[in-house]
1. What shape does region 88-317 have by the C-alpha gyration tensor, where a ≥ b ≥ c are the square roots of the eigenvalues, rounded means a/c under 1.5, and otherwise prolate means a/b greater than b/c and oblate the rest?
2. In nm, what is the difference between 0.36 nm times the number of residues separating ALA414 and VAL178 and their Cα-Cα distance?
3. When all C-alpha to C-alpha distances in region 241-334 are sorted into bins of 5 Å, what percent of pairs does each bin hold, rounded to whole numbers?
4. May I ask for the longest run of the chain untouched by GluC sites (Glu not before Pro) that are loop-located per DSSP and have at most 15 neighbouring C-beta atoms (other than their own) within 10 Å?
5. What aspartates and glutamates sit close enough to LYS18 to cross-link, taking a C-alpha to C-alpha distance under 16 Å and skipping anything fewer than 8 places away on the same chain?
6. Only Cα pairs under 8 Å and at least 6 apart count here; give the relative contact order of the chain as a rounded whole percent.
7. Quick check: at a probe of 1.4 Å, how many percent of the accessible area of the chain sits on carbon and sulfur atoms?
8. Take every DSSP beta bridge whose two residues both sit in the chain, then give the antiparallel share in percent to the nearest 5.
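The values are calculated or read from the model by the stated rules, or taken from the named source; none is laboratory data. If you're wondering where the values come from, they're calculated on a predicted model, not measured in any experiment. As a convention, Cβ positions derive from the backbone with ideal geometry for all residues, glycine included, and neighbour counts pool all protein chains shown. For the accessible areas, the whole protein counts, side chains as well, though only heavy atoms, and no ligand, DNA or RNA atoms are used. Shrake-Rupley method; radii C 1.70, N 1.55, O 1.52, S 1.80 Å.
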Amino acid sequence: MATRDDPVFDVVDLIRAKRDGQSLADGEIDWLIDAYARGALPDEQLAALLMAVYFQGLSPEELATWTGAMIASGGRMDLAGLTRPTVDKHSTGGVGDKVSLVLAPLVAACGAAVPQLSGRGLGHTGGTLDKLEAIPGWRSELSADEIRGQLETVGCVICAAGGDLAPADRKLYVLRDVTGTVESIPLIAASIMSKKIAEGTAALVLDVKVGSGAFMTGMDRATKLARTMVDLGHDHGLAVTALVTAMEAPLGRAVGNALEVAESIEVLSGEGPADLVEVTLALAREMLDLAGLGDADPAAALADGSALARFRAMVEAQGGDPDAPLARSTLTEEIVADRAGFLARLDARAVGVASWRLGAGRARKEDPVSASAGVICRAKPGEAVTAGQPVLELHGDSAERIGRAREALAGAFAIAGSPPDPAPLVRARLT
Ligand code: URA
């Protein structure tokens with residue numbers, strides 16, 4: 001009698017078919033993903049298949065099936081029955097991108113429920129959970145019942161995605177990472193969307209970052225990724241839109257965990273850097289439209305304190321103390337302008353790498369992160385600077401780390417005699 005682990009298809013035939021540009025059938029994809037997730041297929045065969053997908057791509061039909069199979073590898077959160085409409089946001093990641101910390105309570109203050117199941121940072125972009133963990137006592141691990149309860153009472157939750165959400169993605173991501181196949185657009189889209197669909201949200205706004213500090217450095221690939229994810233969401237019955245937003249310079253002025261929490265609280269208090277406020281409000285309006293709450297006014301919720309009150313309630317519900325002082329580094333050092341003029345360029349990637357070297361990010365997923373380390377951008381592109389004025393302020397706990405961060409920042413900014421042409425923050429909108 002055949003058992004579940006008996007091969008149903010000849011894997012080598014499937015690898016050859018994809019290698020030669022043929023489409024795989026639904027049953028073949030379902031079987032491949034399920035068998036790999038169960039440990040019934042060896043890494044080398046999936047590695048070969050991933051490389052074939054990298055070069056040949058997946059048709060929209062194959063991608064929808066591939067994503068469905070990844071979702072089916074685990075459980076799906078059931079958020080039906082909440083009294084508020086659910087809507088979430090996913091960012092492809094950028095430097096100083098603390099938008100989630102503001103957006104979740106802001107959109108909740110406007111009447112939606114925001115289930116934001118997040119990950120930790122890897123490399124030069126920070127993770128939302130790492131940022132919130134800078135708040136003393138705050139807890140990222142919640143049960144499904146706690147998530148549902150908090151969505152009903154507070155309206156927003158930011159917590160760790162449990163191990164049961166699209167577990168096939170975790171295995172595939174590790175394999176992609178060691179086989180040079182992370183950069184495939186269909187594989188990125190399936191990875192992101194499988195987790196968001198399994199999370200149970202009815203609507204989703206994607207913030208696809210473009211520029212030196214982003215995963216996608218050029219507009220062509222950023223737009224293609226956004227299009228692929230929006231279409232994939234629609235194929236799975238999700239209401240989805242995407243904004244492609246600028247990531248040439250860090251968003252806001254603060255980069256690093258506690259520094260970004262402090263800046264988020266400024267925005268929630270009706271202040272904060274203009275670029276961060278603009279991107280946050282653009283995403284909030286997209287989310288509220290999708291949730292059927294297009295009449296709500298997110299700018300008013302920042303100005304009147306209602307978004308801040310939601311943030312405080314969210315932090316407290318997860319064991320955090322919103323009034324506790326945030327960690328501060330023992331050392332700070334400034335990098336100053338060597339002449340007067342206008343800041344023409346500030347490279348997001350270099351600032352992200354510097355913040356990482358200061359201790360704010362991790363190289364491996366088991367590494368600890370520093371709550372206090374990071375960089376404050378005292379000047380942003382377009383602003384006038386005088387000779388000797390601080391442009392960047394480094395926060396760290398060792399001279400060695402500060403030295404390595406300085407090296408990462410060599411050539412990271414340029415000063416010109418006239419201000420750069422203003423560039424829009426929102427580069428494209430896809431529905
Ligand atoms: N983020 C994900 O979750 N998956 C990818 O493949 C890339 C970014």
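1. Details: a/c = 1.38, a/b = 1.28, b/c = 1.08.
Rounded.
2. Details: separation 236, 0.36 × 236 = 84.96 nm, distance 3.57 nm.
That works out to 81.4 nm of additional length.
3. 3, 11, 18, 21, 21, 15, 8, 3, 1, 0
4. Numbers: sites that count: GLU141, GLU183, GLU271, GLU366, GLU383.
In the chain, the maximal stretch lacking such sites is 1-140.
5. ASP10, ASP26, GLU28, ASP30, GLU44, GLU61, GLU62
6. Values: 933 pairs, mean separation 83.8, N = 431.
Contact order relative to length: 19 percent.
7. On the way: 9020 of 17260 Å².
Here carbon and sulfur together make up 52 percent of the probe-accessible area.
8. Numbers: 23 of 44 bridges.
Of the beta bridges lying entirely in the chain, close to 50 percent run antiparallel.
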